[in-house]
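Undergrad: Have a look at the structure that comes next, please.
The values are calculated or read from the model by the stated rules, or taken from the named source; none is laboratory data. Predicted, not measured: the structure shown is a model, and the values here were computed from it. Neighbour counts are summed over all protein chains in view; Cβ atoms, including those assigned to glycine, are modelled from backbone coordinates with ideal geometry. Only protein heavy atoms, including side chains, enter the accessible area calculation; ligands, DNA and RNA are left aside. Shrake-Rupley method; radii C 1.70, N 1.55, O 1.52, S 1.80 Å.
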Amino acid sequence: MKSRAYLEEIRGAEGLKRAVLKKIELSGNTATFQLATDLKFSDADVAHAKAVSARFVPAGMNAEVKILKAVPSEEGIRRALLDMLKNGFPAVAAFVLPEDVTVILESGGGHYIIGIGESERGIATDAVLDKLSKELMRSFPGVWYGEFRSVQKDKGEIELDELPPEEIVAAPRYFNIVEFVAIDGGTPSLALYIADLTKEAQDITVCGVISYIEEKLTKNEKPYFSVTISDGTAQLRFAYFSKKATLEKMRGLKSGDSICVTGDNELYNGMLGFRAKQINFGRAPLNFVPQARPSRPVPPKYKTVFPAPASDFVQGRLFEDRSEVEALVGREFVVFDLETTGLNNTPSAGGMDRIIEVGAVKIKNGQIAEKFSSFVACPVRLSSEIVKLTGITDEMLVGAPDIKDIIADFYKFTAGSTLVGHNVQFDYRFIRYYGEKEGYLFEQKQYDTVTFAQEMLRLSNYKLNTVADHFGFSFNHHRAYDDAFVTAKIFLALVKMKNGLPRG
């Protein structure tokens, strides 16, 4: 993993041997690495960190370093542990109060003890401790280890409005690859669900049907292929640089072919991207049905965000002939968009960015029918870049509901619907992450209007404003509801062009 290799080099300096990477800030052509250490550091340590950081940024970028002296406090560690339990292990957190957590600071880290009732010991496992310690070491310098101890508890001392969600273990899912035929070498036998491709991984194989493929040239006139595949759980877009021996075979691939792709899921500028290394023929077993995971049930009623009627007065002109939209009859689609504090949509890149606005529209029988829109409370100040990009300010978020309440209502709003978005995987990773924290698993089928537009149109690029301009749709870009609404109009227009739904 690149972040692990980076820290291993950083910790080669005496004053940084227990340093942690807090975050990476991008501004123009400069990446600033923020490190924290509990040791006294020297100018030589700073120079070492800057030299290491310079090797981990793309060519042409500058690297800066900020090093903070961070000495953990008992209260700070206690609060962090309680937050981690609440977000990652709510079934355990329900039986742990602040006074149940004891923190013992030691040189180079520390030890924590969590008191829990004897009847709850079954859910207080070593796996929980391992994750807590690992997360502490990501945020605080030093080595941390812990233990659960049984204590006498008054059963009436903790009152809950509702039972906490059961802990969701999001284990990766695989299916067997059948009809494998080598193009580029390798002999993979299992394919990871594309929907589960949410973490850094090396030499991982996915398998799906091609919905878009186009040969392009780099600035140096080197051919490569832009490809989109779907396995029924999600879509994946990637670039593949073929070898001389495989170039003609790649040129023979077309939409509808089923391929398996082996590569690395890597972080770049805080975002996950798939780097394809090998492509071969292969597919999922016939009648493959994705394995479902347990989730909290759909809430019986909305509590925070209440859907409202919505309509597009011009959409009737798109579908005057109802036979043209037969594929939409009797189906529901939720087209959604998010505004966030940044681009980091995977916790393996460090601190997960936060959702600050959710916007969505529901399409019923080919007509825009409902809208779902809300700001989201944000405990951190918004950067000037986000304020400038979205027009959303800190003041606008004051009094907004918390993401845990919004995510429950959004889960209800999307129940039974297919998800649609422009570059849908970016926003889906946020929804999936914050949903899983509350026990709600978003696993609906998804359509990406970027891929759909690539299939149906020939444009200079497929950014949202470019596709909207093609159809003559005007909108307030970089606001969640406006982006979702125009994406819904684009989706309907593309369905009309094709007289059917996109591949995937």
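Undergrad: Per residue of segment 456-467, what does 6.51 cos²θ - 1.76 cosθ + 1.60 with θ = phi - 60° give for ³J(HN,Hα)? Whole Hz please, x for Gly and Pro, Karplus curve as stated.
TA: For segment 456-467, the Karplus-derived couplings read 9, 10, 10, 10, 5, 7, 10, 5, 4, 5, 5, 5 Hz, x marking Gly and Pro.
Undergrad: Classify segment 1-79 as rounded, prolate or oblate, taking a ≥ b ≥ c as the square roots of the eigenvalues of its Cα gyration tensor: rounded when a/c is under 1.5, otherwise prolate if a/b is larger than b/c and oblate if not.
TA: Because a/c hits 1.5 or more and a/b exceeds b/c, segment 1-79 counts as prolate.
Undergrad: Normalised radius of gyration for the chain, please: alpha carbon Rg relative to 2.2 N^0.38 Å, two decimal places.
TA: For the chain, the normalised Cα radius of gyration comes out at 1.05.
Undergrad: Here is a further query. What percent antiparallel are the DSSP beta bridges of the chain, to the nearest 5?
TA: If I count the DSSP bridges inside the chain, around 75 percent turn out antiparallel.
Undergrad: Largest first, how would H470, H422, H478 line up by accessible area (1.4 Å probe)?
TA: Result of the area sort, largest leading: H470, H478, H422.
Undergrad: Using modelled backbone amide H atoms (1.01 Å from N, in-plane), which distant-in-sequence or interchain residues come within less than 5 Å of G109's amide H?
TA: Amide H to amide H, under 5 Å and 5 or more residues apart or across chains, G109 pairs with V143.
Undergrad: Here's a follow-up. For the chain, with only Lys/Arg (+1) and Asp/Glu (-1) charged at the beta-carbon, what is the dipole magnitude about the Cα centre, in debye rounded to 20?
TA: Using Cβ point charges on Lys, Arg, Asp and Glu, the chain gives about 1380 debye.
Undergrad: Tally up the carbon and sulfur contribution to the accessible surface of the chain as a whole percent, 1.4 Å probe, everything protein left in place.
TA: In the chain, the share of accessible area belonging to carbon and sulfur is 52 percent.
Undergrad: To continue, here is another question. How tilted is helix 126-139 with respect to the longest principal axis of the chain? Cα atoms for both, answer in degrees (0 to 90, nearest 10).
TA: Helix 126-139 sits roughly 90 degrees off the main axis of the chain.
Undergrad: Also: Long-range amide H contacts for Y212: which residues qualify at under 5 Å (H placed 1.01 Å from N, peptide plane, sequence gap of 5 or more or a different chain)?
TA: T228
Undergrad: May I ask you to list the trypsin sites (Lys or Arg not before Pro) in segment 334-425 that are in a DSSP loop and have at most 14 other Cβ atoms within 10 Å of their Cβ?
TA: Within segment 334-425, the qualifying trypsin sites (Lys or Arg not before Pro) (loop, at most 14 other Cβ atoms within 10 Å) are R381.
Undergrad: Roughly how many Å² is the accessible area per residue of the chain, as a whole number, for a 1.4 Å probe?
TA: Heavy-atom accessible area per residue stands at 48 Å².
Undergrad: Let me ask you something else. Please report the relative contact order for the chain, taking Cα pairs under 8 Å with a sequence separation of at least 6, and give it as a percent rounded to a whole number.
TA: Here the relative contact order equals 11 percent.
Undergrad: Run the numbers on segment 376-418 and let me know its relative contact order in percent, using alpha-carbon pairs under 8 Å that are six or more apart.
TA: The normalised contact order for segment 376-418 reaches 47 percent.
Undergrad: Here are some pairs, K254/K445; K412/K498; K216/K244; K86/K364; which of them have Cα atoms lying more than 25 Å apart in this structure?
TA: Flagged as over cut-off: K412/K498; K86/K364.
Undergrad: Using only Cα atoms, tell me the angle between helix 480-498 and the longest principal axis of the chain; keep it within 0 to 90° and round to the nearest 10.
TA: 30
Undergrad: Using amide H atoms built 1.01 Å from N in the peptide plane, name the residues 5+ places from L272, or on other chains, whose amide H lies under 5 Å from its own.
TA: Sorted by chain and number, the residues that satisfy this are N345.
Undergrad: Residue by residue through segment 212-227, which ³J(HN,Hα) values in whole Hz follow from phi under the Karplus form 6.51 cos²θ - 1.76 cosθ + 1.60 (θ = phi - 60°), with glycine and proline marked x?
TA: Working through the residues one at a time gives 7, 8, 8, 7, 10, 10, 6, 4, 8, 6, 8, x, 8, 10, 9, 10 Hz.
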